[in-house]
1. Averaged across orientations, what area in nm² does the convex hull of the alpha carbons in the chain project?
2. Would you look at the GNM of the chain, springs on alpha carbons closer than 10 Å, and say which of Asp198, Asp287, Asp243 moves the most?
3. For q values of 0.21 Å⁻¹, compute log₁₀ I(q)/I(0) with the Debye formula on a Cα-only model of the stretch 101-234, without solvent.
4. Of Leu33, Pro274, Leu161, which is farthest on the positive side of the dipole of the chain, counting Cα position, with +1 on Lys and Arg Cβ, -1 on Asp and Glu Cβ, and the Cα centre as origin?
5. Give me the net charge for the shell around Lys163: Cβ to Cβ below 12 angstrom, other residues only, Lys and Arg +1, Asp and Glu -1.
6. Set the bar at 19 Å for Cα to Cα. Now go through Lys168/Lys268; Lys163/Lys225; Lys2/Lys165 and name every pair that lies beyond it.
7. Suppose every Lys and Arg Cβ carries +1 and every Asp and Glu Cβ carries -1, with no other charges. What dipole size does the chain come out with about its Cα centre, to the nearest 20 debye?
8. Mind jotting down the distance between the C-alpha centroids of the stretch 17-91 and the stretch 190-233, whole Å?
Amino acid sequence: MKNFTSVHDVPDIPKLVNEAVEIKKYPLQNTTLGTHKTLGLIFLNPSLRTRMSTQKAAYNLGMNVIVMNMDKDSWALETREGVIMDGDKAEHAKEAVAVMGEYCDIIGVRSFPGLKDKEADYREEMLNIFLKYVGIPVVSLESATRHPLQSLADLVTIEELKKTKKPKIVLSWALHIKALPQAVPNSFAEWMLAAGHDLTITHPAGHELSEDFTRGAIIEYDQSKALADADFVYVKNWSSFNDYGAVSNRFPDWTFDGKKHSLTNEAKVMHCLPVRRNVVISDEILDGTHSVVIQQAGNRVFAAQAVLQTMLEEME
Ligand code: CP
């Protein structure tokens, strides 16, 4: 596994999931594997879970960690080709990224989409600059179109909690007040389908995701039908893909609450966090016994550790 930027980088999904499950049982079994190796964590956008869980995973493997919050700690980066750099960007990403590669053995990068220019976002400009110029393995900490560390943790959580071989998994759009990326739902759909799960996606008309990620899923516009007998409900808002980046608050009844939950098969309720209470999911659900969002966030450590461990083992 040279890089970890999507499910397509993973040669054996069940093996990686099993490794994460084993690491959860014995997180300190490999505390010298990463001795004298450095992980760089480069954030172009805010983070709580990704930053702390990946840092903890690296420490569990004995790695050193350098964290850069680019907006506060470094120079503003130019990404355009052939540009005359007489504006506010002091350094081109080509040099900055190549230099980071001199100081680290593995690098993680978080770069959100602008949600203005679909083609530019879906070209993954910043992630691709890292892949081209850094010269060391790259781990996506959430890119413009995918969040693979989150999806791996989600899959581990489902494997831990499922009561049948083929649980009914539903990805349900939810209300929000801001334009959010499609990265989490794209990635969740891609990982669930690649892992062989049946997936139903429900959302209002106009919030279709790109078929590149959802091909093979059932798309059900009637949320009540979609939720019927669900074993897992992954609640998530995303802005429109077709009317790119548009925010819709025309669907107030898409907040996930107890009434919607009563349609399910006592479903476990998932969300990647952060979550806006009583907009996306109601208090009664988040404070109730069906929510698994904290377990899900806890599993981010073991997902990240499985990925880093695989990369370190391949360096030996
Ligand atoms: N779920 C997730 O990636 O959380 P952060 O944005 O806080 O890292």
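Since every read-out is calculated from the coordinates, none of them should be taken as a lab result. Just so we're clear, the structure is a prediction, and the values are computed from it rather than from any experiment. Neighbour counts are summed over all protein chains in view; Cβ atoms, including those assigned to glycine, are modelled from backbone coordinates with ideal geometry.
1. Numbers: hull surface 63.7 nm².
Answer in nm², one decimal: 15.9.
2. The residue that fluctuates most here is Asp287.
3. -1.27
4. Going by the Cα projections, it comes out as Leu161.
5. Numbers: positive: Lys162, Lys165, Lys166, Lys168, Lys268; negative: Glu159, Glu160, Asp231, Glu266.
Taking every Cβ under 12 Å from that of Lys163, the sum is +1.
6. Working: Lys168/Lys268 11 Å; Lys163/Lys225 21 Å; Lys2/Lys165 31 Å.
From Lys168/Lys268; Lys163/Lys225; Lys2/Lys165, over 19 Å: Lys163/Lys225; Lys2/Lys165.
7. Working: 34 positive and 42 negative charges, 147 e Å.
For the chain, the charge dipole is close to 700 debye.
8. Between the Cα centre of the stretch 190-233 and that of the stretch 17-91, the gap is 31 Å.
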